[in-house]
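The values are calculated or read from the model by the stated rules, or taken from the named source; none is laboratory data. Values in this document were obtained by computation on a predicted structure and should not be read as measured data. As a convention, Cβ positions derive from the backbone with ideal geometry for all residues, glycine included, and neighbour counts pool all protein chains shown. The area values use the complete protein model at the heavy-atom level, side chains included, leaving out ligands, DNA and RNA. Shrake-Rupley method; radii C 1.70, N 1.55, O 1.52, S 1.80 Å.
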Amino acid sequence: IDGLGKFVVETYNAQPIKEMRERVGTRGSKTSHGRPISPGEFSTLRSAVDGDEQTGAPGDSVTDYYVGKGVRSIGAPNCKSGTGVAEFKKPMGISFDKSGNMFVADTENNRVQVLKKSGTFSHIIGAGKQGSGKGELNNPTDSVVDSQGFLYVVDSGNNRLCVFTTQGKFVRTIGREGKGEGEFMNPRKICATKDNYFIVSDSDNNRVQIFDSRGNFLRIIGGIRQCTRGTAPTAGRSHV
């Protein structure tokens with residue numbers, strides 16, 4: 001959510017970013033196949049960044065839509081994916097800095113796009129091609145800006161976090177593939193506390209990991225046991 005009380009929703013199948021002024025809306029089971037998706041309508045909602053709460057209906061099929069008070073769409077016309085500036089291919093995460101600039105995890109374009117508060121394109125973070133080298137991303141899914149102005153990107157395909165300045169200069173990586181402390185298997189989402197502790201959903205390890213501002217591992221919430229269909233997770237364990 002930005003400083004003006006607006007929040008932004010990225011839609012997984014419909015490529016434009018939706019900017020909203022109200023969170024409350026109606027929900028239906030009508031699909032949007034066969035017509036353009038209007039401002040305020042979402043196709044396969046992934047996550048709504050609205051303060052401390054995120055809501056979503058993950059999946060690849062168009063199952064329902066939400067109608068709110070739409071402001072505008074940002075992205076290619078008629079919900080088409082694209083590789084140009086301010087065009088997206090399955091975006092999956094949005095964050096803001098203190099100035100209201102928007103950071104969009106442009107997942108299948110392997111980059112983060114930065115948009116000004118006005119919605120106009122600013123710059124790209126990442127090499128813009130799939131890779132595992134310094135500053136390269138592989139299916140980034142989320143990001144967060146800390147109080148010192150560093151951008152932490154969930155580099156999901158590389159099972160790590162990549163840290164950049166908000167202008168796009170690569171700083172360092174955190175983590176690697178694995179099941180140990182500070183290691184990831186398909187991390188998806190990240191958030192930050194006011195004290196710059198970072199909370200990361202480590203999806204395929206079925207847990208949440210917490211790090212300090214230097215990237216040091218602190219602790220795990222949940223566990224790594226996979227839940228069996230039809231059974232509830234054991235107390236103290238997670239199915240992320």
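Going by amide H atoms built from the backbone, whose H comes under 5 Å of the H on Ala76, apart from near neighbours?
Placed amide hydrogens put Phe88 under 5 Å from Ala76.
Lys and Arg at +1, Asp and Glu at -1: add these up for the other residues within a Cβ distance under 15 Å of Thr83 and post the number.
+2
Which links in Lys98/Lys194; Lys89/Lys129; Lys90/Lys129; Lys89/Lys169; Lys90/Lys134 stretch past 20 Å when you go from one Cα to the other?
Listed pairs above 20 Å: Lys89/Lys169; Lys90/Lys134.
What's the extension gain from Lys134 to Glu177 if we count 0.36 nm per residue and subtract their Cα-Cα distance?
Roughly 13.9 nm would be gained on extension.
Quickly work out the Ser147-to-Arg214 label distance, labels modelled 7 Å from Cα along the C-beta direction, and quote it in nm with one decimal.
1.8
Per-residue accessible area for Leu218 at 1.4 Å probe radius, Å² rounded to 10?
Rounded to the nearest 10, that gives 80 Å².
Could you give the nm distance between label points at Ile124 and Thr165, where each point is 7 Å from its Cα heading toward the beta carbon?
Those two pseudo-labels are separated by 2.0 nm.
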